[in-house]
1. Report the chymotrypsin sites (Phe, Trp or Tyr not before Pro) located in the stretch 128-185 that are in a DSSP loop and have at most 12 other Cβ atoms inside 10 Å of their Cβ, or state none.
2. Specify the residue with the greatest mean-square fluctuation among 100, 34, 146, computed from a Gaussian network of the chain linking alpha-carbon atoms under 10 Å apart.
3. If exposed trypsin sites (Lys or Arg not before Pro) are those in a DSSP loop with at most 11 other Cβ within 10 Å, what is the longest stretch of the chain that has none?
4. Multiply the residue separation of residue 71 and residue 121 by 0.36 nm, subtract the distance between their alpha-carbon atoms, and state the gained length in nm to one decimal.
5. Identify all lysines with a Cα-Cα distance to residue 162 below 28 Å; exclude those on the same chain that are fewer than 8 residues away in sequence.
6. In a GNM of the chain with a 10 Å cut-off on Cα contacts, which of 63, 107, 135 has the highest mean-square fluctuation?
7. Could you give the length gained by full extension between residue 51 and residue 160, i.e. 0.36 nm per residue of separation minus their alpha carbon distance, to one decimal place?
8. Treating only the Cβ atoms of Lys and Arg (+1) and Asp and Glu (-1) as charged, compute the dipole magnitude of the chain about its Cα centre; round to the nearest 20 debye.
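Throughout, read-outs are computed from the coordinates displayed, never taken from laboratory work. Nothing here was measured: the structure is a model prediction, and the numbers come from that model. Here Cβ is always computed from backbone atoms with ideal geometry, including for glycine, and neighbour counts include all displayed protein chains.
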Amino acid sequence: MIRHMDPYFFILSIPAVLWAISFHEFCHGYAAKLLGDPTAEMQGRLTLNPLEHFDPVGCLMLLFAGFGWAKPVPVNTRYFKNVRRDMFIVSIAGIIGNLLTAFIFGLILHFFPLRVLGGAAVDFVKVMILMNIGLAAFNILPIPPLDGSKILYGFIPFEWLKFYYFLERYGFFILLILVLTRSIGILMYPVRDFFLWLVTFYY
């Protein structure tokens with residue numbers, strides 16, 4: 001992980017965090033647009049401008065804890081032809097965007113002579129990988145309001161939907177308790193390590 005509170009790594013982390021949250025939310029919005037929902041575009045959220053996606057607490061969490069969130073792009077399911085399928089696609093799009101970013105920077109780290117540019121270039125690429133994997137690993141957890149809960153929605157049987165809606169009502173408090181008690185790592189770190197292996201399997 002990043003050496004937290006180290007000014008050098010903190011500075012390197014800022015652009016990595018801004019890219020991670022911006023591309024994550026852009027992927028959500030773009031996927032929704034492809035499925036017929038223009039809401040994100042109409043509200044100016046179909047952009048890579050980090051100011052449109054910035055959530056202060058979520059970004060600070062990503063900087064210092066290695067996981068976090070952005071301001072969610074608006075999605076109107078009334079535009080979808082198949083709500084369960086389309087919500088799955090929209091929800092997983094942001095996670096795929098972060099993993100794709102980590103994969104590309106993994107390729108750069110492995111195949112390009114970055115040390116010619118200096119140690120800072122290598123460190124920045126590593127930070128980009130870690131930040132994007134951290135955001136993906138956190139958001140794929142099946143706890144509302146995270147993306148993983150909406151991905152899960154596409155698979156659970158209809159008879160379980162009542163429990164799902166109950167969980168959705170109290171999901172934020174469950175998530176808050178997990179974060180405050182630092183229990184979130186029990187769920188997240190195995191996923192993070194798997195994603196790290198997945199995007200750097202060629203090492």
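1. On the way: sites: 138, 153, 155, 158, 160, 163, 164, 165, 166, 170, 172, 173; in loops: 155.
In loop regions of the stretch 128-185 (DSSP not H, G, I, E or B), the sparsely surrounded chymotrypsin sites (Phe, Trp or Tyr not before Pro) are 155.
2. Highest fluctuation among the options: 34.
3. Values: sites that count: 3, 81, 182.
That would be 82-181.
4. Here the segment from residue 71 to residue 121 would lengthen by 15.1 nm.
5. 71, 81, 150
6. 107
7. Values: separation 109, 0.36 × 109 = 39.24 nm, distance 3.80 nm.
Taking residue 51 through residue 160 to full extension adds about 35.4 nm, to one decimal.
8. On the way: 15 positive and 12 negative charges, 47 e Å.
Dipole size: approximately 220 debye.
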